[in-house]
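The values are calculated or read from the model by the stated rules, or taken from the named source; none is laboratory data. Not measured: the values here are computed from a predicted model. A quick note on method: Cβ atoms are made from the backbone with ideal geometry, for glycine too, and the neighbour counts reach across all protein chains shown. What goes into the accessible areas is simple: the full protein's heavy atoms, side chains included, and nothing from ligands, DNA or RNA. Shrake-Rupley method; radii C 1.70, N 1.55, O 1.52, S 1.80 Å.
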Amino acid sequence: MKVDVLLGLQWGDEGKGKVVDVLTPKYDVVARFQGGPNAGHTLEFEGQKYILRSIPSGIFQGDKVNIIGNGVVLDPALFKAEAEALEASGHNLKDRLHISKKAHLILPTHRILDLAYEAAKGAAKVGTTGKGIGPTYTDKVSRNGVRVGDILHGFEEKYSSAKAKHEQLLKSMNYEYDLTELEKAWFEGIEYLKQFQFVDSEHEINNLLNAGKSVLCEGAQGTMLDIDFGSYPFVTSSNTVCAGACTGLGVAPNKIGEVYGIFKAYCTRVGAGPFPTELFDKVGDEICTLGHEFGSVTGRKRRCGWIDLVALKYSIMINGVTKLIMMKSDVLDMFDSIKACVAYQINGEEINYFPYDINENVEPVYVELSGWQTDMTKMHSEDEFPEEFNAYLSFLEEQLGVSVKFVSVGPDREQTVERYTEE
Ligand code: GDP
Ligand code: IMO
Ligand code: MG
């Protein structure tokens, strides 16, 4: 068997949680491979809404195995809060959630360092989620990290040594902080974590594949936030692209099967950094209001704009996307016209590839299409799609060279239309 990968093609918040939940019944295992509690994945069904941060979005569907892979960074305090809330709503996790021993722990001082680095950057700040993601991956790469497996061996010493290094750094930055509450919650989280199975997830996943089980890998963030290929330095600190599933789970490249690329019918971004199609007008405000574009974890207002096909083509190339999934088309239901960016104009020159430097000189070149002006939120089959919507889909498929397999017409699990594309 091969693993299928689902990932965001834009700047995150494309609707990954919803789609993983929809696809889970077809799989035996769902695995997260990078990121951490900077993610906020929303799922809605049976009138309930859940937001997951570190726990895979397969947790609501039957007895599937859910794995937190080695590429993930885990905050025990936030994990405990998330898991307890799920348990309280009747979702048992204990036997179905496995955690890689090689996943790195986010320490309380990583969170403080994240805030201190952002404060030091001033106007150039990234606008991070403040969850300690960057400092934890920094320690991983510089070989100073503390891992889940360390909880079982020599933990106190490793923790104290890492904390001492961080405190030295914070002192050199004259950054004031109070660790008391954070550290208390963190150690309670460590105790809580001990009831879960710590696994060698690379062995587990490969054994499951060899036994004919199917695996879906759930990306976090989006391709434009990838540490290598995103809009650096305004990115997160992990490889959000498909290759991240190989390194973040121990899956060989030739084991990757379907790659589902998910995008909104428009575009959003939260935090700082370039965003060529951003709208600063009434249309942008309308998209924000209709799409409820506020961060699911931080509550921050998301910046909104038209779909950017130059950036999407780049994401499709980097990830080897085999199927596209379009989200939130319902947000555009009542627009009389819709724009799509097909090229960039830079200093008078038109280019149709994603350049090294996206800065204020990048002017989007738009194609304008007719809106469908139809409420699509109750549609269940593509036979019901309005003509103008089909024309929009065909235009996207022609531009992007990959077919759109699913269309999401609302936040609920049921508001998902599978299209009849040939296999
Ligand atoms: P993720 O981080 O990629 O999982 O996405 P988020 O959960 O952060 O943000 C997506 C938001 O859009 C959530 O509030 C979802 O409930 C909502 N959503 C998902 N699909 C649709 C859709 O098709 N239409 C509408 N209107 N909302 C959607
Ligand atoms: P999901 O999985 C949207 C953004 C932050 C910031 C940058 C770096 O829900 O799509 P970090 O805390 O990772 O160091 O912040 O990345 N960011 C996200 N934006 N969705 C996310 O996750 C994000 N995770 C991080 O806003 O600009
Ligand atoms: Mg999100």
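Observations on the structure shown:
- Computed over the range 24-158, the range of Cα coordinates on each principal axis works out to 45, 39, 26 Å, biggest value leading.
- Prolate/oblate/rounded call for the range 108-235, Cα gyration tensor, a/c under 1.5 rounded: oblate
- Looking at the chain, the pairs of alpha carbons with a distance over 41 Å make up 14% of the total.
- Using 0.36 nm per residue and subtracting the Cα-Cα separation, the extra length available between residue 184 and residue 346 on full extension is 53.1 nm.
- Exposed chymotrypsin sites (Phe, Trp or Tyr not before Pro) absent: longest stretch of the chain, with sites in DSSP loops and at most 10 other Cβ within 10 Å deemed exposed: 1-279
- Surface accessible to a 1.4 Å probe, per residue, for the residues of the chain, Å²: 42 Å²
- Per residue of the chain, the DSSP helices (runs of n ≥ 4 H) give a summed -39500 (n - 2.57) that works out to -9000 deg cm²/dmol at 222 nm.
- Sites residue 48 and residue 153, calculated FRET efficiency, Cβ-Cβ separation with R0 41 Å, nearest 0.05: 0.55
- Cα-based equivalent ellipsoid, the range 317-423: semi-axes from gyration tensor eigenvalues, Å: 28, 17, 12
- Among the GluC sites (Glu not before Pro) found in the range 138-203, those both in a DSSP coil and sparsely packed, with 16 or fewer other Cβ atoms within 10 Å of their Cβ, are 176.
- Mean Cα-pair separation over length for the range 109-197, i.e. relative contact order, pairs under 8 Å, 6 or more apart, %: 29 percent
- Label-to-label distance, nm, for residues given as residue 353 and residue 144 (7 Å Cα→Cβ offset): 3.9 nm
- GluC sites (Glu not before Pro) lying in DSSP loop within the range 1-50, provided at most 13 other Cβ fall within 10 Å: 46
- In this structure residue 104 has an accessible area near 20 Å², from a 1.4 Å probe over the protein heavy atoms.
- Summary value for the chain: 20 percent relative contact order, contacts being C-alpha pairs under 8 angstrom separated by 6+ residues.
- Extension reserve of the residue 207-residue 334 stretch, reckoned as 0.36 nm per residue once the Cα distance is removed: 40.8 nm
- Computed from phi, the 3J(HN,Hα) profile of the range 144-153 under the Karplus parametrisation 6.51, -1.76, 1.60 (θ = phi - 60°) reads 10, x, 10, 10, 4, x, 5, 4, 8, 9 Hz, with x in place of Gly and Pro.
- Across the range 247-389 the C-alpha pair distances fall into 10 Å bins from zero in the proportions 10, 34, 35, 18, 3 percent.
- Distance from the range 1-73 to the range 121-182 (C-alpha centre basis), Å: 26 Å
- Loop-located trypsin sites (Lys or Arg not before Pro) in the range 55-146, at most 12 other Cβ atoms within 10 Å (DSSP): 94, 143
- Here the extension length gained between residue 363 and residue 173 equals 64.5 nm, from 0.36 nm per residue of separation less the Cα-Cα distance.
- Expressed as a whole percent, the accessible surface of the range 159-284 that belongs to carbon and sulfur atoms is 53, based on a 1.4 Å probe.
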